[in-house]
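Read the structure below first, then the notes.
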Amino acid sequence: MAGVRRSLAGEVNRPPGQRNREHPADRRNISPKGCPVRIHLPLPQAVSALLVATSAYVALNAQVPSSSPVGAAAVSHDRLVKAHAEPASWMTTGGTLQEPRFSPLDQIGEQTVPNLKLAWFKDIDTERGQEATPVVVDGAMYVSTAWSMVKAYDVRTGAVLWEYDPDVARAKAADACCDVVNRGVAVWNGKVYLGALDGRLIALDGRSGREVWSVQTTDTAAPYTITGVPRIIKGNVIIGNGGSEYRVRGYVTAYDAETGRQVWRWWTVPGDPSRPYEQPELARAARTWRGDAYWKIGGGGTVWDGMAYDPELDTIYVGTGNGNPWNQGIRSPGGGDNLFLASIVALDPGTGRYKWHYQTTPGESWDYTATQPIMVADLVYPRGRRRVVMQAPKNGFFYVLDAKTGQLLSAEKFSPLTWATHVDMRTGRPVEVDSARYEITQRPVIVAPGALGMHNWHPMAFHPGTGLVYVPVTVNNAAYAAPKAFTLNPQGFNTAVDFASGAALYDQPGAPARGNVESYILAWDPVKGKEAWRIKNDVYGASGLLATAGNLIFSGNHKGEFSAYRATDGVRLWTAPTQARVVAAPATFMVDGQQHVAILVGARGLPDGQTRTNPLSANNSRVLVFKLGGTAMLPSAMPTTGAGAPRIRINPPLATASNEAVIAGEQAYAANCAVCHGATAIPGAGSIAPDLRYSGLLPIRNGWNPTVRDGDRAQRGMPGFGARLSQETTDAILAYVIKRANDEKAEQSAQQRP
Ligand code: CA
């Protein structure tokens with residue numbers, strides 16, 4: 001794959017003659033036969049016993065398709081259902097379709113983890129939030145990054161197999177409530193599936209990154225976005241979307257994984273009542289809404305993150321979002337439960353037929369989504385085993401439901417919350433604190449949790465050996481107040497909450513601390529419905545979790561560390577610097593008999609005291625991969641190309657522009673860019689801005705011009721030139737910088753020759 005430089009909008013640049021070479025995996029439905037390799041996975045005795053007793057993890061000997069070609073993504077439904085028996089792979093972002101984020105691998109364990117070292121790393125070429133969990137199968141690792149880009153790496157070496165950029169229009173960022181993030185891809189039958197920020201669902205060839213098909217899953221005139229992971233159940237790709245801060249109506253859709261044809265769509269909230277309801281249960285749902293603002297504004301209930309599948313019950317569980325607008329007094333004056341907002345909904349994955357639902361926050365008014373991660377597990381109660389669905393949504397209660405019937409088994413506060421006293425187990429409904437309903441009292445109120453939730457999208461993990469669920473908890477509050485008047489904002493947020501009036505409450509004596517209070521990893525016993533212990537974070541913020549049979553949990557943090565803790569008691573056994581904030585969850589897998597752990601790092605700004613070391617990313621976004629005895633090192637400073645400085649790989653697109661364009665570009669560069677980025681495109685000692693020859697935007701004209709002309713990176717210190725530079729001029733500057741980057745690449749290659 002050495003000739004494949006980069007895939008843009010589905011086009012792969014290959015050397016002549018290779019352009020249309022198709023791998024057999026592109027055409028055949030490959031099942032993971034190959035030569036079965038048996039991996040013995042010794043487990044601590046207690047863990048083993050529980051695992052064997054736990055049907056989801058019965059098979060611990062893995063059949064690994066060793067002859068599968070690198071990057072084939074040759075995943076069948078059978079292989080997905082049995083993903084727990086193939087722990088050498090990490091076949092879905094959640095580990096398996098049940099999404100426990102647990103691995104039976106234990107080569108990295110309590111005794112060996114101190115020797116865990118960096119095996120390889122790769123710089124990521126964006127500096128927005130990185131939220132994806134890597135997917136690893138058939139020798140390749142697939143990660144999505146901010147701006148819905150996908151990278152495929154050889155897991156042995158970290159070599160880039162291909163890169164894909166869907167070229168999402170940067171203006172789409174205005175519709176993304178919470179950064180232009182993406183939480184990962186799915187793999188199936190030779191293909192990799194991506195939900196792009198602009199609402200496209202895209203199937204890529206697993207070997208080449210070439211676009212196989214693409215469908216628009218949303219109305220492009222509406223502020224829908226996709227940041228969530230597609231799930232693939234029996235050949236259907238299931239994808240939701242976000243936008244409940246804006247003006248949208250939530251739904252989840254299944255598409256044929258081979259063709260992109262729509263199979264079913266399930267709407268979470270009723271639409272215009274003068275038109276037929278799309279599903280029979282929406283007529284019932286409509287009786288729980290009041291007035292007509294909701295369907296005109298959208299109602300919300302978007303399915304933007306959590307889903308899980310139970311193969312035994314052939315049921316997919318989807319989480320639904322908050323109301324749109326948040327303020328129920330505007331959305332549904334007079335109240336009502338507003339089904340199916342803030343609910344866990346059980347659907348038939350083949351038809352989209354509704355099975356049952358449980359609503360966590362009836363008539364929600366505080367952005368209390370129930371889109372948080374969902375997992376299916378077997379819990380061992382004193383009276384026997386039970387198949388359950390678990391979720392710790394924003395509202396601060398940890399829910400355990402019977403997976404078959406939806407019966408509420410427990411709902412306990414996992415952190416201090418003030419909007420309700422408890423959940424009434426007879427009715428299954430929260431008992432609210434009256435003052436929390438700011439839209440009824442018309443008085444501002446501080447409520448915990450706030451809109452960011454006691455637990456948000458950051459993945460939790462379940463360890464069947466300890467019986468504990470590990471939850472990244474953020475303790476925070478927010479001040480809510482009803483606005484004096486509400487007018488629909490066609491462009492931006494429509495929460496119908498007056499945050500400014502509410503904020504005055506913090507100045508009153510005895511008021512709680514403003515906003516973010518503390519954060520920690522909570523070890524929660526879901527059978528007892530109570531906390532076992534917690535690990536407090538030094539720096540506030542949530543990061544995703546992974547549990548392993550090595551009696552470990554892995555998590556990054558916002559201080560710039562990636563750590564392993566003992567799963568039984570939370571004692572920290574190992575830590576490594578990440579040089580970046582971490583929000584994403586790790587994955588683990590085997591490479592040539594060695595267990596590896598991978599994590600994507602980078603979010604918002606740098607950790608306190610950390611300098612930039614990644615030439616492609618201001619927040620040091622990278623994928624980091626660890627193994628026992630690894631020997632790779634992160635750079636300690638920003639690489640430069642000066643004498644004695646560490647070399648970084650330069651990888652510009654081919655210089656294809658005319659000499660005239662390059663000369664025009666050189667003059668325009670000198671006049672407009674050199675003062676910050678350095679004369680002749682080489683930053684000097686006084687240069688304040690990045691070395692453009694290493695810019696990830698070079699191959700992306702659709703990224704370059706919005707940055708240089710429209711100010712897409714203005715908040716990072718790159719003001720747009722606007723109409724002062726014509727597109728012809730900025731194209732010429734791009735051509736010049738690409739030429740200078742190729743000059744540098746040639747010089748580096750020459751120096752590396754013996
Ligand atoms: Ca929301």
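The values are calculated or read from the model by the stated rules, or taken from the named source; none is laboratory data. Predicted model, so just to flag it, every value in this text is computed and none were measured. Neighbour counts run over all protein chains shown; Cβ positions are idealised from the backbone, glycine included. Quick note on the areas: whole protein, heavy atoms, side chains included, nothing else; ligands and nucleic acids left out. Shrake-Rupley method; radii C 1.70, N 1.55, O 1.52, S 1.80 Å.
Things worth noting here:
- Residue-wise HN-Hα coupling along region 178-192, computed from phi with Karplus coefficients 6.51, -1.76, 1.60 (Hz; x: Gly, Pro): 9, 5, 8, 8, 8, 9, x, 10, 10, 10, 5, 6, x, 10, 10
- Among the DSSP helices (H) of the chain, those spanning at least 30 angstrom by Cα along their long axis with an average Kyte-Doolittle hydropathy of -1.0 or more are 727-752; this is a geometric and hydropathy rule only.
- Computed packing ranks the peptides 395-407, 608-620 as 395-407, 608-620, most packed first, by mean other Cβ atoms within 10 Å.
- Structural descriptor for region 659-751: relative contact order 32 percent, calculated from alpha carbon pairs under 8 angstrom and at least 6 residues apart.
- Which of V389, G629, Q407, positive extreme of dipole for the chain (C-beta unit charges): G629
- Within the chain, helix-based [θ] at 222 nm, where runs of 4 or more DSSP H residues each add -39,500 (n - 2.57), nearest 500: -3500 deg cm²/dmol
- Selected from V185, V597, G560, residue furthest toward positive end of dipole (the chain; charges at beta carbon): V597
- L468 long-range amide H proximity, modeled H, under 5 Å: H463
- Summing Cβ point charges (Lys, Arg +1; Asp, Glu -1) relative to the Cα centre of the chain gives a dipole of roughly 680 debye.
- Across region 502-616, the relative contact order, built from alpha-carbon pairs under 8 Å that are at least six residues apart, equals 16 percent.
- In terms of distances greater than 25 angstrom between alpha carbons, the cross-link table entries K394/K536; K191/K234; K191/K394; K117/K151; K82/K394 yield K191/K394; K82/K394.
- Summing +1 for each Lys or Arg and -1 for each Asp or Glu among the other residues whose beta-carbon sits under 10 angstrom from that of R170 gives -1.
- Cα gyration tensor shape of region 275-428, rounded if a/c is under 1.5, else prolate or oblate by comparing a/b with b/c: oblate
- Taking a straight Cα-Cα cut-off under 19 Å and skipping sequence neighbours fewer than 8 places away in the same chain, the lysines within cross-link reach of K528 are K413.
- Database remark: amide H of A140 closer than 5 angstrom to the amide H of G71, V155 (H placed geometrically; neighbours at sequence offset of 5 or more, or on other chains; Pro and chain starts carry no H).
- As an equivalent ellipsoid, region 354-469 spans semi-axes of 27, 15, 12 angstrom, where each value is the square root of five times an eigenvalue of the C-alpha gyration tensor, largest first.
- By average C-beta atoms within 10 angstrom, highest first, the peptides 143-149, 440-446: 143-149, 440-446
- Over the chain, relative contact order from alpha-carbon pairs under 8 Å, at least 6 apart, %: 12 percent
- For the peptides 358-365, 573-580, residues were scored by their other Cβ atoms within 10 Å and the scores averaged per peptide; the highest-first order is 358-365, 573-580.
- Size of electric dipole in region 659-751: Cβ of Lys, Arg +1 and of Asp, Glu -1, about Cα centre, debye, nearest 20: 220 debye
- Heavy-atom accessible area with a 1.4 Å probe sorts C178, C673, largest first, into C178, C673.
- Binned Cα-Cα distances of region 659-751, short to long, each 5 Å bin given as a whole percent: 3, 15, 24, 29, 19, 7, 3, 1, 0
- Kirkwood radius, region 140-192, all distinct C-alpha pairs, inverse of mean reciprocal distance: 12.3 Å.
- Per residue, the chain exposes 37 Å² of solvent-accessible protein surface, assessed with a 1.4 angstrom probe and all protein chains in place.
- Extreme residue, positive dipole direction of the chain, given options Q442, I535, G301 (C-beta unit charges): I535
- Cα shape, region 531-613, gyration tensor, a/c 1.5 rule: oblate
- From phi via Karplus (6.51, -1.76, 1.60), per-residue ³J(HN,Hα) for region 150-158 in Hz, x at Gly/Pro: 10, 10, 10, 10, 6, 5, 6, 10, x
- When a 1.4 Å probe is rolled over the protein heavy atoms, the share of accessible surface on the chain that falls to carbon and sulfur comes to 52 percent.
- Dimensionless Rg over Rh [the chain; C-alpha; Kirkwood]: 0.96
- Karplus-derived 3J(HN,Hα) values for region 471-488, using 6.51 cos²θ - 1.76 cosθ + 1.60 with θ = phi - 60°, are 10, x, 9, 10, 8, 8, 9, 8, 9, 10, 8, 6, x, 5, 8, 10, 10, 5 Hz; glycine and proline are entered as x.
- The antiparallel fraction among DSSP beta bridges confined to the chain stands at about 95%.
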